[in-house]
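Colleague: Provided herewith is a single structure, encoded as structure tokens, for subsequent inquiry.
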Amino acid sequence: MPPRAAAFARDVVAATGPEGKERAKNLLWAAGKLADYAIGLGLDPAPEVLLHPSVAERFTRCAPGLSGVARRTLRTILRFIGCRVVPHLYPADAPLPRERAKQPYSPAEISGFLALADAQPATGRRMRAAGLVCLGAGAGLIRSDLRDVRGSDVACRSGGVIVIVRGARPRTVPVLARYHARLLAAARFAGTGLICGGADPGRRNITNPLITALDGGTGLPRLDTSRLRATWLADCAQLLGLATFMHAAGITCSQRLGDLVAGLEPAGVAEAVRLLGAARRP
């Protein structure tokens, strides 16, 4: 590389105090690439100039002849160098809030909610409350998907029970075996009406009376439809052996799984029923 670029690279890498020869070579490569590019644009090879985040970002995005992997690697290395050589230009990242997955309910808690549903004084309330629990914990439905389900959307198919979800994300969801009988009973009672009650699915408080009815003060936590969905997700992950797969593959980030699944075609209803263990039992 040109002498000025090489001199810049040696100076800034020496200031980082790299551990080991290979690490020093990687840092020199990145700093030299940056300097060669920036000097060609007429920039002064000073750390405050070339290691400025805007310059480093423009280099990693716009420099010609670099692969995607090289651009990501260069960005990481240059940020490392910049944080040590010109730390005032790289303030510490402020932690951002992240929505955590809700805690799934235990099998005993689900049984408690279903027992409270059975204890409701009116038949309609019993059926609607049981349907709410079964659609949430048995099929993972939430929000509008939960409010819009009608009795006619629940059917026996491929040896299991499925729910046809309409709306913004139409799909067919197999129901976990534990909830078959109760959900079918609630669907028969609802007929063509809404399983969770009400006449207008656009009304946002349809499930509130059911949640209040299942708040029995018997040591159970408050019913939360997000936690019902988390319960379904956890049960499906266990049936699929997801934790075992991720541990064996060394994967901890779900984004990687999303990238992989994006290139795969989902199986049909019959295979989904088989995978989720939702086949009806005699």
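The values are calculated or read from the model by the stated rules, or taken from the named source; none is laboratory data. What you see is a predicted model; the values in this text were computed from it and never measured. Here the Cβ is made from the backbone with ideal geometry for all residues, glycine too, and neighbour counts use every protein chain on show. To get the accessible areas, we keep the full protein, side chains included, count just its heavy atoms, and leave off ligands, DNA and RNA. Shrake-Rupley method; radii C 1.70, N 1.55, O 1.52, S 1.80 Å.
Colleague: Give me the accessible area per residue for the range 60-134, probe 1.4 Å, as a whole number in Å².
Modeller: 61
Colleague: Among all the lysines, which ones have a C-alpha under 30 Å from K33's C-alpha, if same-chain residues fewer than 8 places away are not counted?
Modeller: K21, K25
Colleague: In addition: For a quick protection proxy, order the peptides 14-27, 49-62 by their average other-Cβ count within 10 Å, most packed first.
Modeller: For the peptides 14-27, 49-62, the packing ranking is 49-62, 14-27.
Colleague: Ignoring ligands, DNA and RNA, what percent of the accessible area of the chain is carbon or sulfur (1.4 Å)?
Modeller: 55
Colleague: Another one. As an exercise, find the ratio Rg/Rh for the range 2-73 from alpha-carbon atoms, using the Kirkwood inverse-distance average for Rh.
Modeller: That ratio equals 0.95.
Colleague: Taking Rh as the Kirkwood radius computed over C-alpha pairs, what is the Stokes-Einstein D of the range 102-204 at 37 °C in a medium of viscosity 0.692 mPa s, expressed in µm² per second?
Modeller: It diffuses with D of about 241 µm²/s by this estimate.
Colleague: Hey, another quick one. Roughly how many Å is it from the Cα centre of the range 57-107 to that of the range 1-52, as a whole number?
Modeller: 20
Colleague: Then there is this: If the elastic network links every pair of Cα atoms under 10 Å, which of G263, G138, G124 fluctuates the most in the Gaussian network model of the chain?
Modeller: For the chain, modelled as a Gaussian network with Cα springs under 10 Å, the answer is G263.
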